[in-house]
Amino acid sequence: MEKMMLNPSYAARRELFDFLEHKHLPLTEDGDFLAYKAVKHNYADKWSGSYDNSVGTVAKMQRFSVDDDRNNGCSAGLHAGTLEYVQSYGSFHDSPESDKVIIVKISPENVVSVPHCSDCQKLRTCEYTVVRDYEGVMEYNLYMDDGEEWRYEEEDEYADLGDPQWN
């Protein structure tokens, strides 16, 4: 919530709920969220081919260059979406030239708009970080900052809620 309140756009803050609620995309420990993105076989973006989307890279563009009108479907900005949206957008087949799906991490403060055209299944942002290649549907609500599933660990400071100090 803190990161969302850093977003300078009231409309983007409101629209982000439409996107996250729609397909229950997971949050990360630091308050960001994960989404899917289709890229070319060489990790270049599908539209211009100029953005490298290799794992670990950060894609950025000036916020004022991203279309903030949710009534414009295909328009300027860095795009990400739900798996359903990405599967409809990418070209996936059994060959070395097939598109890939990656997982990107987005801070709520960088979301610019959530277009209506895709039933709120995609968004435009000014920045994201590529955290991993797609290996399967993200089924959990909370993930680590690196895109790995959050696991309960015995060393966790809250692991023993039965301890008398908590009663």
Three-way shape call for the range 16-118 based on the alpha-carbon gyration tensor, with the a/c threshold at 1.5
rounded
Along the dipole axis of the range 61-106 (charges at Cβ: +1 for Lys and Arg, -1 for Asp and Glu; origin at the Cα centre), the most positive-end residue among Ile102, Cys74, Phe64 is Phe64
With all protein chains present and a 1.4 Å probe, the order of Tyr10, Tyr85 from largest accessible area down is Tyr10, Tyr85
Sequence of Phe17, Phe33, Phe64 from largest to smallest accessible area, 1.4 Å probe
Phe64, Phe17, Phe33
Compute the distance in nm between two label points, each set 7 Å from the Cα along the Cα-to-Cβ direction, one at Ser9 and one at Cys74.
2.0
Please report the net charge: other residues with Cβ closer than 14 Å to the Cβ of Lys100, K and R +1, D and E -1.
-3
Work out how much length His41 to Phe92 would gain on full extension: take 0.36 nm times their residue separation and subtract the Cα-Cα distance, in nm to one decimal.
17.4 nm
Could you rank the peptides 115-124, 41-50, 72-81 by their average count of other C-beta atoms within 10 Å per residue, with the highest value first?
115-124, 72-81, 41-50
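The values are calculated or read from the model by the stated rules, or taken from the named source; none is laboratory data. All values derive from a computational prediction rather than experimental measurement. Please note: Cβ atoms are built from the backbone with ideal geometry, for glycine as well, and neighbour counts cover all protein chains shown. Heads up: the accessible areas ignore ligands, DNA and RNA and are worked out on the full protein's heavy atoms, side chains in. Shrake-Rupley method; radii C 1.70, N 1.55, O 1.52, S 1.80 Å.
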